[in-house]
1. With the requirement that a residue be within 11 Å of the chain's Cα centre (by Cα) and among the acidic types (Asp, Glu), what does the range 1-45 give you?
2. Can you confirm whether residue 58 is under 10 Å from the mean Cα position of the chain (by Cα) and either surrounded by fewer than 13 Cβ atoms within 10 Å (Cβ to Cβ) or at pLDDT below 95 (or both)?
3. Would you mention how many residues in the range 6-36 are touching a Ser or Thr at 6+ places or on another chain (Cβ under 8 Å), among the charged types (D, E, K, R), touching a residue at least 24 places away in the same chain (Cβ under 8 Å) and farther than 15 Å from residue 56 by Cα?
4. In this structure, is residue 44 in contact with a strand residue (DSSP E or B) (Cβ under 7 Å, 6 or more places away or on another chain), in contact (Cβ under 8 Å) with a residue 40 or more places away in the chain, among the aromatic types (Phe, Trp, Tyr) and within 17 Å of residue 7 (Cβ to Cβ)?
5. Under the condition of being in contact with a helix residue (DSSP H, G or I) (Cβ under 7 Å, 6 or more places away or on another chain) and within 11 Å of residue 42 (Cα to Cα), which residue from the range 65-85 is surrounded by the most Cβ atoms within 10 Å (Cβ to Cβ)?
6. Can you work out which of the residues in the range 2-30 that are loosely packed, with under 13 Cβ neighbours inside 10 Å and not in a helix (DSSP H, G or I) is modelled with the lowest pLDDT?
7. Kindly indicate whether any position in the range 37-58 is under 15 Å from residue 14 (Cβ atoms) and either small (Gly, Ala, Ser) or in contact with a Ser or Thr (Cβ under 7 Å, 6 or more places away or on another chain) (or both).
Amino acid sequence: MSYEHSQRILKIIIDSINQYNNYRAPEAYAELIEFKGNYFTVRFTGRIFSSCCFYDYFEDLKYILINYNVFTNIIEVLITELGDEVVVKYEVISYQVIT
């Protein structure tokens, strides 16, 4: 992935997380904590642990990204020891950068 494409995808990820937070906060709040190559990591906090649709919160971000032609897979879900946040690692599997 070229630097230019990487920067465009990073902007899309940030915009998608902001859109996610507009819809989901305060129930769930997402924060980008790392972007490296084809991978990015997001921290989720909020009242998601008491929800019956726990994993849907992580999938919702994938669907927002699809609207921007960025397709991802969830490759790791880590729940902190205190159970107050979830760290999810996504892999960008394909994208279409529109110029």
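The values are calculated or read from the model by the stated rules, or taken from the named source; none is laboratory data. Being a predicted model, the structure only gives us computed values, none of them experimental. Here the Cβ positions follow ideal geometry from the backbone for every residue, glycine too, while neighbour counts run over all protein chains shown.
1. Once the filter is applied, which keeps residues that are within 11 Å of the chain's Cα centre (by Cα) and among the acidic types (Asp, Glu), the range 1-45 yields 15, 31, 34.
2. yes
3. Counting residues in the range 6-36 that are touching a Ser or Thr at 6+ places or on another chain (Cβ under 8 Å), among the charged types (D, E, K, R), touching a residue at least 24 places away in the same chain (Cβ under 8 Å) and farther than 15 Å from residue 56 by Cα gives 0.
4. Working: in contact with a strand residue (DSSP E or B) (Cβ under 7 Å, 6 or more places away or on another chain): yes; in contact (Cβ under 8 Å) with a residue 40 or more places away in the chain: yes; among the aromatic types (Phe, Trp, Tyr): yes; within 17 Å of residue 7 (Cβ to Cβ): no.
So residue 44 does not fit the description; no.
5. Among residues in the range 65-85 that are in contact with a helix residue (DSSP H, G or I) (Cβ under 7 Å, 6 or more places away or on another chain) and within 11 Å of residue 42 (Cα to Cα), the one surrounded by the most Cβ atoms within 10 Å (Cβ to Cβ) is 74.
6. Here the answer is 2.
7. no
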